[in-house]
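**Student:** Mind looking over this structure? Questions follow.
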Amino acid sequence: MAPWFLSAPPLASIITCHATPSAVRAPPATPPPPLLSLPPNPSATPLPSLTCALQCPHFQSCSGCTQEYNLHRPIILDEATDFFKKHAVSDFTFDSCKLWGWRCRAKLAVHGTSTNPLIGLYEEGTHNAIDIPDCKAHHPNINAAVELLKQGLFLALRITELNIVPYGEDQGTGELRYVQMAVTTHNTSLPSAERYKNGKVQVSLVWNSRNENSPSSEKLNDLADIIFGNRWRHLLGERDFWEHVGGVDVSLAPSSFGQANTRAFDSLLRTLQKYVASGASVADLYAGAGIIGLSLAVTRKCRQELSVKCIEINKESKLSFEKTAERLPNSVDSSISWHNADTSIEPLSWLVGSDVVLVDPPRKGLDPSLLNALRTIPTMESKAKSPGSPLLKAKDEKRPWILRAREASVQIESKTTQEESQSLPKTLIYISRGWESFKEDCKSLLSSNAWHLNKAHGFNFFPGTQRYCCRLYDIPLLHAL
């Protein structure tokens, strides 16, 4: 595939901050040293950016955020820029995304007492939960929902004598252990400009109980909210949680993985879509509920049909995929499938027939077997060109893991007949959650001489956190040589 050539403005010019000086507290008497390399003018030492400061009253007491200034420039950004420049990508771009109120999913610990519950994050280096009612990272409605929950627990005790005890780690006693808040901004009854700030909150309670029939679980009906875990049931409110990202309506169960930063994820999807040609065949590995693959099916549908196969090891994602697929527009004429399978087992079976392979692995990076399969693509291509040597030979399948994957798969057929292909991917799109593991995977792929690095984009998914700055999301495009 021919390389992509896109013009990009200088890094400094694409950064936007939305705070005003009047909203920023005075800097400390001695400003901290600059967090990143010097700007284009090396004669001036940059001061901390006050318009991009965290301004959170809980900073340093809670373990969430560790970077107070320059939220628009994560500490790892210079290293990422240098890494890609070293590998011939000089136009690496970075989207600073929303800097405050960006977190739309939060799992908070519940400690304290029935009369004074503490709902928040752990204090740094301890397992002591502290209240964070004015968290600047949380969507404001998460903070409001936490306060309502605390009031509900208090009223339950005072009015109905329902004594819900927060979990105690030392003894393993108590009932309410964690609470998960998830915000959906998908409300088409509101103007688009008002949807984010008026997002609805789904509340899920993690209950210290063996099953829903335990004596303590009766209190859940009185509290009238949602419980989740290995077993969860819907008690009150809307059954399905919907969000709109990347051009597609997405269904997420309380136990499903969902991106905390909805807007950054949407920005990533919009960028990714530009690199997949209409009519391409896509293998979406580590697919979860198939959001990325389904987004491509919706947005790249013009001119020719798109083939998308999503592979995910977690069987709980199947229901979310099915519900999301049901809402796809009727105009989508694509062959779309979801498979419950482990990509580390015979990964070649998922690569064959794909023009583009998209990977979104966990922080540890690619499974070694998949990495090796990608490294040896030239060898496999040579084999495919040999007369009478198909990459995958037809046979009666007896391997149990393949049969289980077929049983658990979901298939949406295209209206157009498609020929089965034995092609191998020419484009690899790697969405990185772990910066260190990505660097190792990338260098391994490049050293095989099977791939070259073409493009890279960064997205600020976790502003204010050094711990997650290593999860700077990149979309590096590696093209086969």
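**Student:** Go through the residues of the stretch 207-216 one by one and say whether even a single one is outside any helix (DSSP H, G or I), among the acidic types (D, E), surrounded by 13 or more Cβ atoms within 10 Å (Cβ to Cβ) and modelled with pLDDT of 80 or more.
**Tutor:** No, that holds for no residue.
**Student:** What are the pairs with Cβ atoms under 7 angstrom where one residue, in the stretch 131-145, is open to solvent by 50 Å² or more (accessible area, probe 1.4 Å) and the other, located anywhere, is of a type in the set (S, T, N, Q)? Sequence gap at least six, or different chains.
**Tutor:** P133/N143; D134/N143; K136/Q55
**Student:** Additional query: Within the stretch 327-349, is even one residue under 18 Å from V248 (Cα atoms), of a type in the set (G, A, S), in contact with a Gly (Cβ under 7 Å, 6 or more places away or on another chain) and surrounded by 18 or more Cβ atoms within 10 Å (Cβ to Cβ)?
**Tutor:** no
**Student:** Also, I was wondering about something else. Would you please list the contacts, defined by Cβ atoms under 7 Å and residues six or more apart or on different chains, that run from a residue in the stretch 282-297 that is in the same structural domain as F321 (by the TED database) to a residue that is part of a loop (DSSP other than H, G, I, E, B) and hydroxyl-bearing (S, T, Y)?
**Tutor:** So the pair list comes out as V282/S354; A283/S354; L285/T343; Y286/T343; A289/S256; A297/S334.
**Student:** While we're looking at this one, here's another question. Which one of these is among the basic types (K, R) and either assigned to a loop (DSSP other than H, G, I, E, B) or closer than 27 Å to V248 by Cα (or both): K150, K98?
**Tutor:** Only one candidate qualifies: K98.
**Student:** Quick one: is G172 modelled with pLDDT of 75 or more and either under 21 Å from T113 (Cα atoms) or buried (at least 19 other Cβ atoms within 10 Å of the Cβ) (or both)?
**Tutor:** no
**Student:** Of all residues being more than 13 Å from the chain's Cα centre (by Cα) and open to solvent by less than 10 Å² (accessible area, probe 1.4 Å) in the stretch 456-468, which is modelled with the lowest pLDDT? Just the residue, please.
**Tutor:** T465
**Student:** Still on this structure: Please tell me if D266 is open to solvent by 30 Å² or more (accessible area, probe 1.4 Å), in contact (Cβ under 8 Å) with a residue 60 or more places away in the chain and acidic (D, E).
**Tutor:** For D266, the condition - open to solvent by 30 Å² or more (accessible area, probe 1.4 Å), in contact (Cβ under 8 Å) with a residue 60 or more places away in the chain and acidic (D, E) - is not met.
**Student:** Same structure again: Of all residues being over 18 Å from P347 (Cα atoms) and in a loop (DSSP other than H, G, I, E, B) in the stretch 291-314, which is modelled with the highest pLDDT? Just the residue, please.
**Tutor:** R300
**Student:** Pairs needed: first member in the stretch 82-103, at negative phi and in contact (Cβ under 8 Å) with a residue 12 or more places away in the chain; second member anywhere, open to solvent by 50 Å² or more (accessible area, probe 1.4 Å) and part of a strand (DSSP E or B); C-beta distance under 9 Å; at least 6 residues apart or different chains.
**Tutor:** These pairs meet every condition: H87/H452.
The values are calculated or read from the model by the stated rules, or taken from the named source; none is laboratory data. The model shown is predicted, which means the values in this text are computed figures rather than measured ones. Positions of Cβ are generated from backbone atoms using ideal geometry, with glycine treated the same way; all protein chains shown enter the neighbour counts. Protein only, heavy atoms only, side chains kept; ligands, DNA and RNA dropped before computing areas. Shrake-Rupley method; radii C 1.70, N 1.55, O 1.52, S 1.80 Å.
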